[in-house]
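The values are calculated or read from the model by the stated rules, or taken from the named source; none is laboratory data. Since we're looking at a predicted model, the values are computed, not measured. When we count neighbours, we look across all protein chains shown, and the Cβ atoms used for this are built from the backbone with ideal geometry, even at glycine. The accessibility values were calculated without ligands, DNA or RNA, using every heavy atom of the protein model including side chains. Shrake-Rupley method; radii C 1.70, N 1.55, O 1.52, S 1.80 Å.
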Amino acid sequence: MGKFSARAATPRPEVVPSIHTKEALLLLQNYEESGQGWFWSTDADGRLTYITHHVAQQMGRTAAAMLGATFSDLFLPVDSHGERQRTLPFLLTKQSKFDELPLRGAFEGDQRWWAVSGRPHFDGGGRFTGYRGSGIDITEQRRSAEDASRLAMYDSLTGLANRFNISKKLDTTLAAFAQQQRSCAIMLLDLDRFKQVNDTLGHPAGDALLKQVAERLLKIVGDKEMVSRLGGDEFQIILPDVEDRGKLGDMASDIINSLSQPYSVEGSRCIIGASIGVAISPFDGDNSDNLVRNADLALYAAKGNGRGRFSFYSSDLHQSAEDRRALEEDLRDALARGEMELSYQPIVNAKTDTVTGMEALIRWTHPERGPISPALFIPIAEEANLIWTLGEWVLRKACDDASRWPGEMRVAVNVSPIQFANAELPKIVTHALAASGLPPEQLELEITESVFLGDSAETSQMFKALKAIGVRLALDDFGTGYSSLGYLQSAPFDKIKIDQSFVRGATQPGSRNGAIIAAIVALAEALEMETTAEGIESLDQLDLIRKLNVSHVQGYVYSKSVSNDELLGHAESGNWTIKPAGPARQRNDRFQMFRNVGAIHDNYRYTVVMRNLSATGAFIEGIMDVPIGTQFVIDFGEGQLATATVRRTKKHQQGIEFEQSMVSDGNGGLCTRHRVSPYLIAAATQQTATSLALPSFTTTTDWTGN
């Protein structure tokens, strides 16, 4: 301590240290040597005049080498470690005292934190002579606090942000972006069939699966701080400055495809899926509560429309949710009221154009709403535990109808994963065959790959039981993301059905789908299986499928589904041959509709009816004598505007082409890639309204005099 005394404050010659002073110095020296604390001093310029030896060593220096160094240079600047406090240089410059200021060492490799205190000293004339102070090592306390903070802000299982953290981040982001008029999208993600993993493999396996899900999400999203696990199998993603629904749809599709790939968990192979709801601020909500609620509503719509898909929020979803609840109630009594019926789509030999079988398709005609799409009511039936009752009715009805068909046409019946998991399925199949008298080999059960979740012994046993009955088995929707050659080795399939998503893109320039279909066909032939290509609608698709040696075809190029009576009329001779017919080339999907939209031209807004819609154009009616080449801005509502040019015209009807293609809304529909920001709309409404003149053509209303 003599060194400290000499450098920090030289004693006056006439002052002789007392016994008590010597004892105090020894105590301070013992305190330093214990490592519990340390001392430091500076001159008036802030340069070290003393520092405890062992602290200098911990900083990678010697005490002698550090003398003369600027004291504040020993520590990192405040901004570099996120602290909100007065900086050390500021305090030293102001000659202010400070207590337990948290500072981190600035030397390379030094991860220590110190709580540093200091007092300014002055001579007898009041002149500042420097600082004297102390410090203690708070590294462990700091780490413990950081660990506690991490536990409070991050999910302990996946390491992702937790619900509290992401909610706080979303609030902050939206508040800042509202002032800056910027957009922000969120995705709510829910895993499909995750509960089955927990039920079949146990919760530890479920936890391991969630970790893998988190890893896959981070690979796609990139920014760990923007991905969170809300709890259970729910996740949320924040995407600042993204409002392009084309990009958002592509990302959502990538996430769904990635999470749907098989997992290896504790030696077992697992398959799950994902559904995603998307909402974008400020279009779908200007605060976190509204935005999350609307994203949740979009997620509900995605799950309700078949799962394994995404959905953008729209105001229509509120009514859709109410309609869905009402449909569930009506569906419970639909069978008893005789509202269900079966129609049959021909399955045709690709070489001979001869019908070899029919796929049974359930149809529901609601007494008030008319025909209800199976894509809508089948997911409702699955969630409401009605699918087993419906499935049994379809099986019995299809067998009964097929038993009266001439010849040896087969009937194909879809079996849902819920039905397949029921141990009573073989018994129901046996009873349906016995009651109808249909030979087992004329019944084909179509099974999707999702039944292979967990590769359980129950799955193998079910296949054995069904094959023992003598029925045929078809692997449906092959190639949709769950595919594994292992299925074909272990499951006794008689046919592979190639999903229509491969077929529809196969004729596009640069597509590899044709090569994939060829590989599937070669594999099926090697295993002595038939192949059926679904969704064939154009003649160029049919030509390609024939060249690739697909054995059977199903699609509008041959026939839509027909009633049982129509089927009997066509096949009464025992041999039904259909000549293919349809467009020469594949066209963009067209959606039939009857919807009022706005058509804006020369500052005038017409109300027109849109009859159909595709990604590249639409068919509208309601304006008379519109010249070809006329440009409109089509207003779909909710900020959706699309510039379009009239390409065909006839009286009050026009065919229009969009300047920018529409994008998928995730639910089988289309939407504009971008929307007009509410900020711009609000600004526009504040402008002075100008008089609007009608162009030369008139609306249908004016023309008819109504």
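Figure legend. Inter-residue proximity from region 182-199: first residues free of Cβ contacts under 8 Å to residues at least 24 places away in the same chain, second residues assigned to a helix (DSSP H, G or I), beta-carbon distance below 7 Å, spacing 6+ or different chains. Indicated pairs: 198/206. If only residues of region 130-156 that are open to solvent by 50 Å² or more (accessible area, probe 1.4 Å), of a type in the set (D, E, K, R) and farther than 30 Å from residue 41 by Cα are counted, the one that is modelled with the lowest pLDDT is 150. With respect to the conditions (1) within 11 Å of the chain's Cα centre (by Cα); (2) crowded, with 20+ Cβ neighbours inside 10 Å; (3) farther than 23 Å from residue 380 by Cα, residue 280 falls short on a single one, namely (1). Taking the stated definitions as given, is residue 166 under 30 Å from residue 286 (Cβ atoms) and of a type in the set (A, V, I, L, M)? Yes, satisfied. Among the residues making up region 47-72, those that are open to solvent by less than 20 Å² (accessible area, probe 1.4 Å) and not in a helix (DSSP H, G or I) are 48, 49, 51, 52, 59. Counting only strands (runs of 3 or more DSSP E) that fall entirely inside region 369-473 and contain at least 2 residues that are crowded, with 19+ Cβ neighbours inside 10 Å and in contact (Cβ under 8 Å) with a residue 60 or more places away in the chain, the qualifying elements are 410-415, 443-448. Residue 351 meets each of the listed conditions (1) assigned to a loop (DSSP other than H, G, I, E, B); (2) basic (Lys, Arg); (3) under 34 Å from the mean Cα position of the chain (by Cα) apart from (3).
Within region 614-635, the set of residues being of a type outside the set (D, E, K, R), open to solvent by 20 Å² or more (accessible area, probe 1.4 Å) and assigned to a strand (DSSP E or B) comprises 619, 631, 633. Number of residues in region 131-181 that are part of a helix (DSSP H, G or I) and over 29 Å from residue 114 (Cβ atoms): the value is 17. Any chance region 100-113 includes a residue that's open to solvent by less than 20 Å² (accessible area, probe 1.4 Å), on the phi > 0 side of the Ramachandran plot and assigned to a strand (DSSP E or B)? No, because not a single residue in region 100-113 is open to solvent by less than 20 Å² (accessible area, probe 1.4 Å), on the phi > 0 side of the Ramachandran plot and assigned to a strand (DSSP E or B).
Taken together, the residues in region 498-516 that are closer than 16 Å to residue 476 by Cβ and open to solvent by less than 60 Å² (accessible area, probe 1.4 Å) amount to 4. Scanning region 114-127 for residues that are closer than 21 Å to residue 66 by Cα and either open to solvent by 70 Å² or more (accessible area, probe 1.4 Å) or among the acidic types (Asp, Glu) (or both) turns up just one, 119.
Residue-level check: of (1) more than 28 Å from the chain's Cα centre (by Cα); (2) within 15 Å of residue 556 (Cα to Cα); (3) of a type outside the set (Gly, Ala, Ser); (4) modelled with pLDDT under 90, residue 577 misses just (4). Among the criteria (1) within 16 Å of the chain's Cα centre (by Cα); (2) under 25 Å from residue 674 (Cβ atoms), the one residue 290 does not fulfil is (1). Examine region 206-222 for a residue that is farther than 19 Å from residue 284 by Cβ and not in a helix (DSSP H, G or I), and state whether such a residue exists. Yes, some residue in region 206-222 is farther than 19 Å from residue 284 by Cβ and not in a helix (DSSP H, G or I).
Answer with yes or no whether residue 359 is within 36 Å of the chain's Cα centre (by Cα), open to solvent by less than 20 Å² (accessible area, probe 1.4 Å) and either of a type in the set (Phe, Trp, Tyr) or within 19 Å of residue 398 (Cβ to Cβ) (or both). So residue 359 fits the description; yes. So in region 474-497, with the set limited to residues that are modelled with pLDDT under 80 and among the aliphatic types (A, V, I, L, M), which one is most open to solvent (accessible area, probe 1.4 Å)? The residue in question is 485.
Residues in region 284-337 that are of a type in the set (A, V, I, L, M, F, W, C), open to solvent by less than 20 Å² (accessible area, probe 1.4 Å), over 30 Å from residue 182 (Cα atoms) and in contact with a Leu (Cβ under 8 Å, 6 or more places away or on another chain): 327, 331. A single entry from 670, 641, 692 fulfils the requirement of being modelled with pLDDT under 90 and open to solvent by 50 Å² or more (accessible area, probe 1.4 Å): 692.
Contact map, region 318-347: first residue free of Cβ contacts under 8 Å to residues at least 12 places away in the same chain, second residue open to solvent by 20 Å² or more (accessible area, probe 1.4 Å) and basic (Lys, Arg), Cβ cut-off under 9 Å, separation 6 or more or different chains; pairs are 323/369.
Filtering region 644-663 to residues that are open to solvent by 50 Å² or more (accessible area, probe 1.4 Å), touching a residue at least 12 places away in the same chain (Cβ under 8 Å) and part of a strand (DSSP E or B) leaves 647, 648, 649, 653, 657.
Taking the criterion of being on the phi > 0 side of the Ramachandran plot and either open to solvent by less than 30 Å² (accessible area, probe 1.4 Å) or among the hydroxyl-bearing types (Ser, Thr, Tyr) (or both), the only residue of region 178-227 that qualifies is 202. Applying a threshold of 9 Å to beta carbon distances and a minimum spacing of six or more residues, or different chains, the list of pairs starting in region 498-517 at a residue that is within 20 Å of residue 530 (Cα to Cα) and ending at one that is crowded, with 19+ Cβ neighbours inside 10 Å and of a type in the set (Lys, Arg) reads 513/504. A Cβ distance below 6 Å, combined with a sequence gap of six or more or placement on separate chains, defines the contacts here; from region 219-237, residues that are over 16 Å from residue 278 (Cβ atoms) reach residues that are not polar (S, T, N, Q) in the pairs 224/218; 229/155; 229/160; 229/235; 233/191; 233/194.
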